[in-house]
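The values are calculated or read from the model by the stated rules, or taken from the named source; none is laboratory data. From a predicted model like this one, the values you see are computed outputs, not experimental measurements. Backbone-built Cβ (ideal geometry, glycine too); neighbour counts: all protein chains shown.
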Amino acid sequence: MSKRISRRDYLRIMGMSGLTVGTAAVFGQSTPIQYVGESGFQSSVIARNKVQPNRSPALLANGQVIQPQRSLPVLTQTDVLVVGGGPAGVAAAVAARRAGAEVTIVERYGHFGGLWTGGLVLLILGHIAKGPKQVCQGIGEEMMLRLEKMDRAIINRKPGQNPTVDAEAVKYLMVEMIEEAKVNVFLHCWGVDAVMQDNAVRGAVFESKSGRQAILAKVVVDATGDGDVFAAAGASFEHRSHNVGLVSRIGNLDRVDTAKTSDAEKPTRMGSATPIKGVNWVNLTGPEVDGLDLATLTRMELNHRKFIWNKMQTTRRVPGYEDVYLVETAPQLGVRITRILDGLNTITLESITSATKFPDVVGVGGASSAKHGEWQIPYGALVPQKVDNVLAAGRCVCCDMRMADLVRLIPNCFVTGQAAGVAAAVAARDRCAPRNADIAEIQKILRQQEVYLG
Amino acid sequence: MTSPGQKQQASDPTRTRRRLRLSVRIACLIAAILCLWPIHASLMPVVGAMSPFIAIASLIATRSLHTVLVLGFVVALIAFFRRRFFCRWMCPTGLCMDSASSLGRKLKRKPSHGNILAAWLLLVTLGAAFLGLPLFLWLDPLALFSGLFSAAASPYSPAAWIPALIFIALLIACIVSPRLWCGCLCPLGALQDLLAKLPRMRRRRQSNSNTEPNHLTRRTILGTILAFGAAALTLAAARTRPRRLRPPGAVDEQTFSALCTRCGNCIRACPCGIIQRDTSGPWTSLLTPTLTFENDYCRQDCTRCTEVCPNGAIARTPLDAKPNVRIGLPRVDMRICLLGEDRECSACRRWCPYEAIRYVFDEENYTLVPIVDPARCNGCGACQTACPTEPVKAIRVLPYN
């Protein structure tokens, strides 16, 4: 019954929008660029005296700003919609596509990689368990292997070590992998809302230069990091604070003359090596704040930028360090933890200490060193307690306070991302809610995709 | 002093009696080995607690009675009536030393005589116990016997072999000079001699036959003075001494280093292997148990070391009191700590079982600093174990000072 209504709704919304681009027929092909203007100038008039169509501005009435009700154009419809193009989102999109689903991924910035690239968190930390064993396999390992074949893309790729990558190499690699997998991509799209039908998510709403639009999907993977989609859908979550920092890169370190300075006077906090000669990436932890608060985020950007610049001036005053310079501060602020889904199951510290085995295991997480054993990730940690058709992936999956600092690490985001992608593809194919998806089938596909399940 | 006639009588029992005694002694030896072999932790303290020397010295030093020490008082009671009954019928060390002595006798070695040294060791220990420092408690034969098992439990630790080497040295000494241990050195033997003499002394006083000088009283007074002197000197020395990390529930440091019999029960009972024999500390705490958190920490669900201590040097600590013991307090070296270098780490905070560590943002240095709450922390060392810095840990538990 509900399925019939939903199908009718799709058609109605799409008919009203009159903008049924990017439907199933387009899938699997890279969209050709629409070149405009043949005037011979570099710029041409596309339309004269144009008034923005489909406007629906907010109205000021009685001192209140009211957003009028309106219907939204549907940009596309798809089996699996992945919101967020970070490590979890890209892994989810590629995994879902490889599992046979039609996939669309949307990303708010102009590149993939999220905090890994835009946040300049270049260190792959969190893929090692006792042994030392690399528990992050599957798409994460595939990326590392491919980076190894690229020029100056990854260093320290040895067992038991934490490799460091070059952000631009990762951005390039992710484009390559997304295109190879034939995932439908929309960049510069900021997911702002969920499309709901009763208790189930039917898609998501995006804000972009093309205005507010929707994408309809059978299952949505929330890889926003902040859990923007499941929060908008009404799934309950834990709102947490964490340190918000800002990463930077410094250069000309190969020109430092260490002979000029004694060990005691050498500047500290100079970061760690990257694949680029003479360039280090420098982490910054920052204070513990609410990463969802606009004023706080603004203040963090301003303060951190001042600190990083002033720190560089201090460094340059040290004899021998005159040529060191600030290459860049990360385009993306280093928000660590904000919303944590209230899931069907929770990843707890106990799962390490008592080596818990979950029957619905969909991945295995690690840490930065081989100090302790691996920890299993149950499928239930990705599934909201009540809302249907949305799965969490990445740092916002359900975990306790102590595990959040392992869950949020990049390799573990690959693992939860790949799990969510495959689960979404299976649920979309079987036309069931993700909470009822066939676990054995999900595990089988994950194993085929070379994911380590313990 | 015992007359030669008495000794002749005692050391010349009938053949059947000798056989019976040997069987009982072997049975006691096997029983002691079974107790000390980690079959069941609750049996471990029984061996050491049988010694009235440990029982009385510990009672004086700690001014509290450990339940298991009642055994020692039972043995003491027997000594009132049957001098050296315990030595002849039960003591496992006695059997070993006696066997060595018989070998020595067969080799025609001259047996040693006189228990003056043993009596002094006993009196100095008991006297010093009043100041909380039972100095020679570690010479108790049952403690020495228990110490043998350290080597079996951790054969790769050189310090674990020291008690065994002492024991072997004593065996050799008994071959060279038979009866050296049981007759001349063993403070437990001397204690039993003293206890057996007490009723006779009273009788002597009653009969008013004060013709021969009362050696015992004079010796007691002298011994006590000497003991106080030695203990006072040790106490003075202890003031400047660096403290050590002790197992949870250990009594105060000065008393502990003397009260500990070095039996090694706690070391063998620890499931995490964090208790080691002290070899780097001052000589007074040589071979006492200290903790190291490099590879593991003191688990919140374990109180085994407190259960196996024969004399309460490590006081019984119920599980619900474990968070309140104070082993030490972690100190962070921000020159090594990854947070000081702005590296991503939350290991100590994550693994702290008592949620005693917070990371606080230091505005001035613009870094996070781990802060330990001394009210919550019991010094279990989980943070130190988890700390990823090498070779020196950035967070290390230090003894309370």
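Here are the numbers for this structure:
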{"item": "Of residues in region A:232-251 being away from chain B (no Cβ under 13 Å) and either within 22 Å of A:Lys306 (Cβ to Cβ) or touching a Cys at 6+ places or on another chain (Cβ under 7 Å) (or both), the one surrounded by the most Cβ atoms within 10 Å (Cβ to Cβ)", "result": "A:Arg249"}
{"item": "Those residues of region A:306-316 which are away from every other protein chain (no Cβ under 12 Å) and either at pLDDT below 95 or surrounded by 11 or more Cβ atoms within 10 Å (Cβ to Cβ) (or both), in sequence order", "result": "A:Trp309, A:Met312, A:Thr315, A:Arg316"}
{"item": "Residue match in region A:211-218 (condition: aliphatic (A, V, I, L, M), touching a residue at least 40 places away in the same chain (Cβ under 8 Å) and within 14 Å of chain B (Cβ to nearest Cβ))", "result": "no"}
{"item": "Residues within region A:341-382 that are buried (at least 24 other Cβ atoms within 10 Å of the Cβ), more than 13 Å from chain B (Cβ to nearest Cβ), outside any helix (DSSP H, G or I) and not small (Gly, Ala, Ser), tallied", "result": "4"}
{"item": "Options B:Arg304, B:Arg316, B:Arg335, B:Arg299; residue that is touching a Ser or Thr at 6+ places or on another chain (Cβ under 8 Å) and among the charged types (D, E, K, R)", "result": "B:Arg316"}
{"item": "Residue within region A:104-116 that is closer than 18 Å to A:Asp226 by Cα, touching a Leu at 6+ places or on another chain (Cβ under 6 Å) and crowded, with 24+ Cβ neighbours inside 10 Å present", "result": "yes"}
{"item": "Test result for B:Val75, more than 24 Å from B:Phe130 (Cα to Cα), modelled with pLDDT of 85 or more and assigned to a helix (DSSP H, G or I)", "result": "no"}
{"item": "Test result for A:Asn303, within 30 Å of A:Ile154 (Cα to Cα) and either free of Cβ contacts under 8 Å to residues at least 12 places away in the same chain or within 14 Å of chain B (Cβ to nearest Cβ) (or both)", "result": "no"}
{"item": "Which numbered condition B:Leu122 misses (of (1) out of contact with any Pro (no Cβ under 7 Å at 6 or more places or on another chain); (2) surrounded by 23 or more Cβ atoms within 10 Å (Cβ to Cβ))", "result": "(1)"}
{"item": "Helices (runs of 4 or more DSSP H) fully within region B:296-388 counting 1 or more residues that are buried (at least 22 other Cβ atoms within 10 Å of the Cβ) and within 14 Å of another protein chain (Cβ to nearest Cβ)", "result": "B:347-351, B:382-386"}
{"item": "Residues of region A:261-276 that turn out to be away from chain B (no Cβ under 11 Å) and either without any contact (Cβ under 8 Å) to a residue 24 or more places away in the chain or of a type in the set (Ser, Thr, Tyr) (or both), as a count", "result": "4"}
{"item": "Subset of region A:277-288 [at the interface with chain B (Cβ under 9 Å from one of its Cβ atoms) and part of a strand (DSSP E or B)]", "result": "A:Val282, A:Glu288"}
{"item": "In region B:36-61, the residues that are surrounded by fewer than 22 Cβ atoms within 10 Å (Cβ to Cβ) and part of a helix (DSSP H, G or I)", "result": "B:Ala41, B:Ser42, B:Leu43, B:Val46, B:Ile56, B:Leu59, B:Ile60"}
{"item": "Output for region A:130-145, where each listed residue is surrounded by 16 or more Cβ atoms within 10 Å (Cβ to Cβ) and in a helix (DSSP H, G or I)", "result": "A:Gly138, A:Ile139, A:Gly140, A:Glu141, A:Glu142, A:Met143, A:Met144"}
{"item": "Some residue of region A:38-51 being under 26 Å from the mean Cα position of the chain (by Cα) and acidic (Asp, Glu)", "result": "no"}
{"item": "Residue match in region B:278-296 (condition: touching a Leu at 6+ places or on another chain (Cβ under 9 Å), of a type in the set (Asp, Glu) and touching a residue at least 12 places away in the same chain (Cβ under 8 Å))", "result": "yes"}
{"item": "Any chance A:Arg98 is under 13 Å from A:Ile139 (Cβ atoms) and surrounded by fewer than 24 Cβ atoms within 10 Å (Cβ to Cβ)", "result": "yes"}
